[in-house]
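Working notes for the structure below.
Derivation of every value follows stated rules applied to the coordinates shown; laboratory data play no part. Computed from a predicted model, the values in this text were never measured in an experiment. Note that we place each Cβ from the backbone using ideal geometry, even for glycine, and neighbour counts take in every protein chain shown.
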Amino acid sequence: MSNRTLKLLLNYLIKGILFLVPLAGALLLIFWIVATIDSALNLSWLIRDDMGKPLYIPGLGIVIMVIILIFAGIVVTNFITEPIYNRLYKLLNRVPLFNTLYSSIKDFTEAFVGDEKKFNEPVLVVVNETGLRKIGFLTQHDLRKINLPEDVIVYFPYSYSFAGQVVVVNAKHVTPLNMSATDAMKLVVSGGVSGLEHGEEDPAIHI
């Protein structure tokens, strides 16, 4: 086999990896999440076959989850008034440990799917005097309640992770980024290799 043929096969191999690995990874992650939810809510412990063994019905758990979410949305929208909701929220906040977990998960969920999305202001933050800058999301504009009138809160997501870091920084070091929140998140989470595909290249900047 000639060197040219080997290089051609190697090129095909690399292109195959670049195409299939991200696709397979994304599909496997989605499949794992769906399978986990489906298994947890499948009610196989309640439904039995003719032999009396637990019966697993594929997709039943997902259907049950969707029904529960829709039912909860109907109840909250039509039957739970704001005073009742506020009273229930205050009651939950009195439970040790649970209040911290509940509030954190609630705020994080609302940041993505609520009426007032929080991660929609990508910014560039000057980190030190050497000019090092980081991409983050402005989540709090006004910190006067904690005696920090000149500061803001910026959330820095980590690359290849769902975790992140919350930082209080002086507002003068924060500059809005001229890009969508989706592209900014993609740019950070991907380690800087995605998110600029649709942007226009600045001819004055070449690295």
Report yes if some residue within region 4-11 is within 18 Å of the chain's Cα centre (by Cα) and loosely packed, with under 11 Cβ neighbours inside 10 Å; otherwise report no. no
Residues (among the hydrophobic types (A, V, I, L, M, F, W, C), out of contact with any helix residue (DSSP H, G or I) (no Cβ under 8 Å at 6 or more places or on another chain) and surrounded by 10 or more Cβ atoms within 10 Å (Cβ to Cβ)) located in region 50-65: LEU55, ILE57, VAL63, ILE64
Failed item, numbered, when SER44 is tested on (1) part of a helix (DSSP H, G or I); (2) surrounded by 11 or more Cβ atoms within 10 Å (Cβ to Cβ): (1)
Which residues, counting only those in region 53-92, are among the charged types (D, E, K, R) and under 25 Å from ILE37 (Cα atoms)? LYS53
Any chance region 52-72 includes a residue that's at positive phi and among the aliphatic types (A, V, I, L, M)? no
